[in-house]
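Right, one structure below, let's go through it.
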Amino acid sequence: MDELRLTGNCMKGSRPILTFDSNFDEREELKLLKCLFTDVFGTPRGHPKSKPFVDRVMGFYYADKKIWIRNYQIMEDHAANAKEAHEQKKAHGKAMATSLAEIGPRFVLNPIRIFRGAFGGQTLYKNDQYISPNVIR
């Protein structure tokens, strides 16, 4: 249960940076899903309710024939005093350190079929390894 402790906090209305696994550029069905995710999770530039900064990252990964989605907060650690800032700048080339903290939600998608239309039409992709729960029963 410790892994479910998702600490972090991001501003409401902030724009996320969307990052995609390299598989989303290689496979045809994933190229289509990349466009879909960009439209759904991306915030249009200049939207009146969006904030003028980014403080979170959404990661999309393809593994085990499933799409894993994670949400992270960008955290910047500032030095407490001038001495620490000088040491950090000497070691890393900048005065503050940047890290990611998972804030959730996180979920996994198992694509079954992709249709040309909204709820039907020509099948563009079918997952042959998917077994329906009704067949298992």
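The values are calculated or read from the model by the stated rules, or taken from the named source; none is laboratory data. From a predicted model like this one, the values you see are computed outputs, not experimental measurements. Counting neighbours? That spans all protein chains shown, and the Cβs are built from the backbone with ideal geometry, glycine included. For the accessible areas, the whole protein counts, side chains as well, though only heavy atoms, and no ligand, DNA or RNA atoms are used. Shrake-Rupley method; radii C 1.70, N 1.55, O 1.52, S 1.80 Å.
Where the only charges are on Cβ atoms (+1 Lys, Arg; -1 Asp, Glu), what is the dipole of the chain about its Cα centre, to the nearest 20 debye?
Working: 22 positive and 16 negative charges, 90 e Å.
It comes to approximately 440 debye.
Read phi for every residue in the stretch 40-57 and hand back ³J(HN,Hα) as whole Hz from Karplus 6.51 cos²θ - 1.76 cosθ + 1.60, θ = phi - 60°, with x for Gly and Pro.
6, 9, x, 9, x, 5, x, 5, x, 9, 8, 8, x, 8, 10, 9, 8, 10
Among the listed pairs Lys34/Lys65; Lys12/Lys89; Lys31/Lys126; Lys12/Lys49, give every one whose C-alpha distance is greater than 21 Å.
On the way: Lys34/Lys65 15 Å; Lys12/Lys89 31 Å; Lys31/Lys126 15 Å; Lys12/Lys49 9 Å.
With Cα atoms farther than 21 Å apart: Lys12/Lys89.
Just going by the charge dipole of the chain, with Lys and Arg at +1 and Asp and Glu at -1 on Cβ, which of Leu33, Thr43, Met75 is farthest out on the positive end?
Thr43
Treat every Asp and Glu Cβ in the stretch 40-102 as -1 and every Lys and Arg Cβ as +1, leave all other atoms uncharged, and give the resulting dipole magnitude about the Cα centre to the nearest 20 debye. Please report the intermediate quantities before stating the final value.
Details: 11 positive and 7 negative charges, 58 e Å.
Dipole size: approximately 280 debye.
Per the helix-only calculation at 222 nm, which mean residue ellipticity applies to the chain, given -39500 (n - 2.57) for every DSSP H run of n ≥ 4 and division by its residues, nearest 500 deg cm²/dmol?
Values: 3 runs with 29 residues, N = 137.
Rounded to the nearest 500, it is -6000 deg cm²/dmol.
Where is the GNM fluctuation largest for the chain (alpha-carbon springs, 10 angstrom cutoff): Val40, Val54, Val108?
The residue that fluctuates most here is Val40.
For the chain, with the dipole built from +1 on Lys and Arg beta-carbon atoms and -1 on Asp and Glu ones, taken about the Cα centre, which of Pro133, Ala97, Phe119 lies farthest toward the positive end?
Working it through, the farthest residue towards the positive pole turns out to be Phe119.
Can you list residues whose amide H is under 5 Å from Asp55's amide H, if they're 5+ apart or on another chain and H is modeled 1.01 Å from N?
For Asp55, the qualifying residues are Arg15.
Find, among the chymotrypsin sites (Phe, Trp or Tyr not before Pro) in the stretch 50-107, those assigned to loop by DSSP (not H, G, I, E, B) with at most 14 other beta-carbon atoms within 10 angstrom. Walk me through the numbers on the way to the answer.
Numbers: sites: Phe53, Phe60, Tyr61, Tyr62, Trp68, Tyr72, Phe107; in loops: Phe53.
Sites meeting the loop and neighbour criteria: Phe53.
Within the accessible area of the chain, what % is carbon and sulfur when the probe is 1.4 Å and the other protein chains stay in place? Walk me through the numbers before you get to the answer.
Working: 5500 of 10100 Å².
C and S fraction of accessible area: 54 percent.
Mean-square fluctuation check for the chain, GNM, Cα pairs under 10 Å: which of Arg70, Arg116, Arg56 is largest?
Maximum fluctuation in the GNM of the chain, among the listed residues, is at Arg116.
Using only alpha carbon pairs under 8 Å that are at least six residues apart, calculate the relative contact order of the stretch 57-98 and give it in whole percent.
Numbers: 45 pairs, mean separation 12.7, N = 42.
RCO, the stretch 57-98: 30 percent.
List the relative contact order of the stretch 23-137 as a percent without decimals, with contacts defined as Cα pairs under 8 Å and 6+ residues apart. Present the calculation step by step, with values, prior to reporting the outcome.
Numbers: 130 pairs, mean separation 21.5, N = 115.
Once divided by the residue count of the stretch 23-137, the mean separation gives 19 percent.
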